[in-house]
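A short worksheet on the structure shown next.
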Amino acid sequence: MDVAFEDDSLKRLETDPGFTGGHDAAIVKAFRKRMQMIRAANDERDFYALKSLHYEKLKGDRDGQSSMRLNDQWRLLLRIQQVENGKTVVIISIIDYH
């Protein structure tokens, strides 16, 4: 899938090996692994198939957004956008759920 970022620091976090963005090394490693999975996916059904991601659509204030697990505490927020040539995943943020 195509990927876009709402925050340039998240784009840098994926591509710059020395940049941590203030996150723990384990979170950065998990984020980069999830980004590889997102880029390799055909559509969001692939996220549901990988149960370890705990991919879920959010409700309430975050309606229209989805999340997937980075570890027990941190989640990756994203939004799936329909574009003319398919779908794009927009990476919103990394948040602490606790």
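Exposed loop chymotrypsin sites (Phe, Trp or Tyr not before Pro) only (DSSP loop, at most 14 other Cβ atoms within 10 Å): please give the longest stretch of the chain free of them, not including the sites.
With a cap of 14 other Cβ atoms within 10 Å, the longest stretch comes to 20-96.
Over 23 Å between Cα atoms, which of K33/K87; K11/K59; K33/K59; K11/K51; K51/K87 qualify?
K11/K59; K33/K59; K11/K51
Among 7-17, 62-72, how do they line up by average Cβ neighbours within 10 Å per residue, starting with the highest?
62-72, 7-17
Mind checking Rg over Rh on the chain, alpha carbons, Kirkwood formula for Rh?
Computed over Cα atoms, the ratio is 0.93.
Could you do me a favour and compute the accessible area per residue for the chain, 1.4 Å probe, result in Å²?
On a per-residue basis, 62 Å².
Gain in length, Q81 to D16, computed as 0.36 nm per residue apart minus the alpha-carbon separation, to one decimal in nm?
Here the segment from Q81 to D16 would lengthen by 20.8 nm.
Considering only DSSP beta bridges where both residues belong to the chain, give the percentage that are antiparallel (nearest 5).
In the chain, approximately 80 percent of DSSP beta bridges are antiparallel ones.
Can you send over the carbon and sulfur percentage of the accessible area for the chain, probe radius 1.4 Å, protein chains only?
Percent of accessible area from carbon and sulfur atoms in the chain: 45.
The values are calculated or read from the model by the stated rules, or taken from the named source; none is laboratory data. Being a predicted model, the structure only gives us computed values, none of them experimental. All Cβ positions, even for glycine, are placed from backbone atoms using ideal geometry, and neighbour counts span all protein chains on display. When the accessible area is computed, the model is the full protein with side chains, heavy atoms only, and any ligands, DNA or RNA have been set aside. Shrake-Rupley method; radii C 1.70, N 1.55, O 1.52, S 1.80 Å.
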